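What follows draws every value from the coordinates through simple rules; no lab data is involved. Every value quoted in this text rests on a predicted model; they were computed, and no experiment measured them. We place every Cβ from the backbone using ideal geometry, glycine too, and count neighbours over all the protein chains shown.
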Amino acid sequence: PVLARAYHEKVISHYEQPRNVGSLPKGDIDVGTGLVGAPACGDVMKLQIRVDENGIISDVKFKTFGCGSAIASSSYMTERVKGLSLDEAGKIKNTEIAKELCLPPVKLHCSMLAEDAIRSAIRDYRSKRSAMSNPKQSGF
Ligand code: FES
Ligand code: FES
């Protein structure tokens, strides 16, 4: 069936041609960096977001040192969160990624890495911002 084939190709392409691989400047005040690891296998994922003045994610980059499913999960996540607010992005569940990419149960933790990474990037962005507005609390 044509539809099933199109779907399958979409999934495959996140494996073969990951989107948004790269880095954003970590020091920029509008950039949040998430760096997480999977204890089960030692794979590491870095995911960065740039947030515009309306609180919308305008750019996303990732680097994943890990298995194919982790790379595909992070690639999917970068496309999924672009254009979303931080609250919306923070609600994306690894089960959605696993379903979209047809991950088998043993690969669930790979998609968990992408969920952890986006949350960690959001946290980093927010803590940078609050450090800026509360200089005393941040220890400066
Ligand atoms: Fe080793 Fe995932 S368990 S790469
Ligand atoms: Fe560990 Fe995929 S992230 S096997």
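Entry note, the chain: the mean residue ellipticity at 222 nm calculated from DSSP H runs of n ≥ 4, each adding -39500 (n - 2.57), is -15000 deg cm²/dmol after division by the residues and rounding to the nearest 500.
Would you work out if the range 78-140 is rounded, prolate or oblate? Take a ≥ b ≥ c from the square roots of the eigenvalues of the alpha-carbon gyration tensor; rounded if a/c is under 1.5, else prolate when a/b is larger than b/c, oblate otherwise. Prolate. Loop-located GluC sites (Glu not before Pro) in the range 43-140 (DSSP state other than H, G, I, E, B) with a sparse environment of at most 13 neighbouring Cβ atoms within 10 Å: E53. The trypsin sites (Lys or Arg not before Pro) of the range 78-137 that meet both conditions, a loop assignment by DSSP and at most 10 other Cβ atoms within 10 Å of the site Cβ, are K136. Quote the Stokes-Einstein diffusion coefficient, in whole µm² s⁻¹, for the chain, based on the Kirkwood radius over alpha carbon pairs, a temperature of 10 °C and a viscosity of 1.306 mPa s. My calculation gives 103 µm²/s for D.
Antiparallel beta bridges, as assigned by DSSP with both residues in the chain, represent about 95 percent of the total such bridges.
Dividing the mean sequence gap of close Cα pairs (under 8 Å, 6+ apart) by how many residues the chain holds gives a relative contact order of 27 percent. Put a dot 7 Å past the Cα of S130, heading toward its Cβ, do the same for K93, and the two dots end up 2.6 nm apart.
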